[in-house]
1. Can you put His46, His3 in order of Cβ neighbours within 10 angstrom, beginning with the fewest?
2. Order of Val224, Val8 from fewest to most other C-beta atoms within 10 Å?
3. Got a sec to turn the phi values of the range 61-77 into Karplus ³J(HN,Hα) couplings, 6.51 cos²θ - 1.76 cosθ + 1.60 with θ = phi - 60°, whole Hz, x for Gly and Pro?
4. What FRET efficiency would be calculated for the residue pair Glu237, Ala58, taking the C-beta separation as r and a Förster radius of 35 Å, to the nearest 0.05?
5. Can you figure out the FRET efficiency of Leu165 with Asp208, using R₀ = 35 Å and their beta-carbon distance, to the nearest 0.05?
6. Under a point spin-label approximation (7 Å from Cα along Cα-to-Cβ), what is the Lys230-Thr25 distance to one decimal in nm?
7. Counting other beta carbons within 10 Å of each Cβ, put Phe20, Phe171 in order, fewest first.
8. State, to one decimal in nm, how far the label point of Val155 lies from the label point of Arg140, with both points 7 Å from Cα in the Cβ direction.
Amino acid sequence: MSHVLGRVDYDDGVTPSRFFVHDNTSGWSIPTLFSDPDEAWRIYDHGKSRAMQSVVPAHSTHVRAVRKVLTNGRGFDSEESTTREPQFGLATEDRLLLPLTEGGNEDKYLLLQVEGVLHVAQETDGGFSGAYAHPLCKDRWEYSAQNQEFAFDDVLGRTLVLCPLCLKRLFDASTRTSSAKKPDSAAMKRPVGRPAAVGGKRVQVYLDDDSLFIAGWIGKDGNVSDGIRKALRQALEKRDSRER
């Protein structure tokens, strides 16, 4: 089955679970959350991922640590309702923020407390120094043993007061569409769509709505070309890991 149902559990004793549609083919989840799983499927079947985003605009800004669960069918109470291993991440009441993928297609994220401020951080390879947490809001960062790291399941169910700049990056990613954004001055110094050295040629590719949405979603600043290149690299790495 190419698309299956997913569920976000808030585990706070108050907020009911929300539901989303997951694309098995690409490994990416559509971040729009619905209170009714049947409604999620109705909107998806009618207008695909773009329709889901327009029907449920992103309003909520209260971010919580959540559990993400995928089933193997269109519902959690069907014969195909065997669930997969849960993942832990972040969500509001209308958007799944992290993790957006399954199976290692996404960088690892965690929480990092720096001088009393809680950041969303990406696990970065420090070479011989090992991996370290790099806040989303910082272009440059140096490891410090004084900073405290938290996994998402350590704070499951809690409403989090996060760094506003980290939040902006999360919200931008979750509401990104396939429409190209106007690049800022930093991006214009080196365009994202075409690398400085391509070593290939310009081609025209036809994508369906879901593929176009996902490519823009993966690509930096919503760039479809960058998203396609990243998806191809991820697919090759995934195939190579299976063959080892």
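1. His46, His3
2. Values: Val224 22, Val8 26.
Ascending number of Cβ neighbours within 10 Å: Val224, Val8.
3. Result, ordered by residue: 10, 8, 9, 10, 6, 9, 9, 10, 10, 10, 9, 9, x, 8, x, 8, 10 Hz.
4. Numbers: r = 31 Å, r/R0 = 0.88.
Approximately 0.70, to the nearest 0.05.
5. Working: r = 34 Å, r/R0 = 0.98.
Rounded to the nearest 0.05, the efficiency is 0.50.
6. Modelled inter-label distance: 2.0 nm.
7. Numbers: Phe20 23, Phe171 16.
With the sparsest Cβ surroundings first, the list reads Phe171, Phe20.
8. Calculated label separation equals 2.7 nm.
No value in this document is a laboratory result; all are computed from the given coordinates. Given the structure is predicted, the values throughout are model-derived calculations rather than measurements. Reconstructed Cβ throughout: ideal geometry from the backbone, glycine too, with neighbour counts over all protein chains shown.
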